[in-house]
Amino acid sequence: MTQNIYSRIHLAYSLVDSSQVSTFLISILLIVYGSFRSLNMDFENQDKEKDNNSSSGSFNGNSTNNSIQTIDSTQALFLPIGASVSLLVMFFFFDSVQVVFTICTAVLATIAFAFLLLPMCQYLTRPCSPQNKISFGCCGRFTAAELLSFSLSVMLVLIWVLTGHWLLMDALAMGLCVAMIAFVRLPSLKVSCLLLSGLLIYDVFWVFFSAYIFNSNVMVKVATQPADNPLDVLSRKLHLGPNVGRDVPRLSLPGKLVFPSSTGSHFSMLGIGDIVMPGLLLCFVLRYDNYKKQASGDSCGASGPANISGRMQKVSYFHCTLIGYFVGLLTATVASRIHRAAQPALLYLVPFTLLPLLTMAYLKGDLRRMWSEPFHSKSSSSRFLEV
């Protein structure tokens, strides 16, 4: 009896450990921030389209921002397969491709972190610098804020390569999370269910069953395996001597968020896929909430089905799904503490986000529209959504 009470107290204490609290807060903040960055990008693109249409006097049907990638049903079905192939390549040939993979990851992290810093740099440069773009020849034209954010990002990546500090790795992983949530779109609830269901099976298989086939937990090994520092590899290739570039640490790649506990005895880890994939769903429902708010404004406050209470009508899909994400993350944490082993977080995150969303959409009468073609093609005039 005493042992059971002690184990429960220990479990409760581990859940409020600083590493777990940091993981919860940061992952939720990244999803919320990335979703609103995505919504603001839509507003900016709509304004640019209106300006272009008014200046040209005609409508350009191909006005979608080329930097935004929309996932269709075929891509949603094959993405888990592609992820599995990439995972196997990293598992079997990590030693051969680790330097190339590290460099590519560093380049992507530099661009993503510059995107994360851009609003802050725009705020800092607005009083002292006009928003005119500076030409760099074939490289393109950039504002002072874009140049500042890119310079700071390059500096951070260089310090990370030299030190390998976990905090800098987390910063780069945060940039990757926000950029992927902001630039990737789920067009409908059907595509969302296909993608998240496939990734749930992918996550469960590679965490629970890969050890029976490959005699090792493929997911955990790839996620935790450090890579050789490119500076060290370059020093050895060029024979620069034993004291040049040899004291740099191996790098843990920014494919995850890690936070140390208050005692420093362990790290809490969460893969960026466990943030980005539910984050894409949150981004989708935020866009739908905004669309529905515009539509209800255009129809002078038309209400939903008569059997739905006014209080439920006021609950947004974004709030419902975000609460589900929190509960799913909490459940995954409890499961990992009970079983004392790595858990596929999507096994808990996908049901706790999709099922409440599907239930609420059915009760509100929006399920059919959200399932296939949730958005009209017309541009909206609303600029902000209260959350």
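The table for this structure:
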{"item": "Test: residue in the range 139-154 that is touching a residue at least 60 places away in the same chain (Cβ under 8 Å) and either more than 24 Å from MET219 (Cβ to Cβ) or in contact with a Phe, Trp or Tyr (Cβ under 7 Å, 6 or more places away or on another chain) (or both)", "result": "no"}
{"item": "Breaking point among (1) on the phi > 0 side of the Ramachandran plot; (2) at pLDDT 65 or above, for LEU251", "result": "(1)"}
{"item": "Tally, over the range 104-126, of residues that are surrounded by fewer than 17 Cβ atoms within 10 Å (Cβ to Cβ) and either at pLDDT below 90 or of a type outside the set (Val, Ile, Thr) (or both)", "result": "7"}
{"item": "Lone unmet requirement of (1) within 21 Å of ILE68 (Cα to Cα); (2) under 27 Å from the mean Cα position of the chain (by Cα) for VAL97", "result": "(1)"}
{"item": "Some residue of the range 137-148 being of a type in the set (Lys, Arg) and surrounded by 15 or more Cβ atoms within 10 Å (Cβ to Cβ)", "result": "no"}
{"item": "Residue in the range 183-194 that is within 18 Å of PRO226 (Cβ to Cβ) and surrounded by 16 or more Cβ atoms within 10 Å (Cβ to Cβ) present", "result": "no"}
{"item": "Filtered residues of the range 145-166 (kept if in contact with a helix residue (DSSP H, G or I) (Cβ under 9 Å, 6 or more places away or on another chain), within 23 Å of LEU270 (Cβ to Cβ) and not β-branched (Val, Ile, Thr))", "result": "SER153, LEU156, TRP160, HIS165"}
{"item": "Answer residue from the range 225-248, given it is surrounded by 13 or more Cβ atoms within 10 Å (Cβ to Cβ) and of a type in the set (Asp, Glu) and is modelled with the lowest pLDDT among those", "result": "ASP232"}
{"item": "Checklist (1) surrounded by fewer than 19 Cβ atoms within 10 Å (Cβ to Cβ); (2) in contact with a Ser or Thr (Cβ under 6 Å, 6 or more places away or on another chain); (3) not acidic (Asp, Glu) applied to SER153, failing item", "result": "(1)"}
{"item": "Cβ pairs under 7 Å, 6+ apart, first in the range 95-116 and under 13 Å from MET174 (Cα atoms) and hydroxyl-bearing (Ser, Thr, Tyr), second at pLDDT 90 or above and surrounded by 19 or more Cβ atoms within 10 Å (Cβ to Cβ)", "result": "THR110/SER153; THR110/VAL157"}
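The values are calculated or read from the model by the stated rules, or taken from the named source; none is laboratory data. On a predicted model such as this, the values are computed, not experimentally measured, just so you know. When we count neighbours, we look across all protein chains shown, and the Cβ atoms used for this are built from the backbone with ideal geometry, even at glycine.
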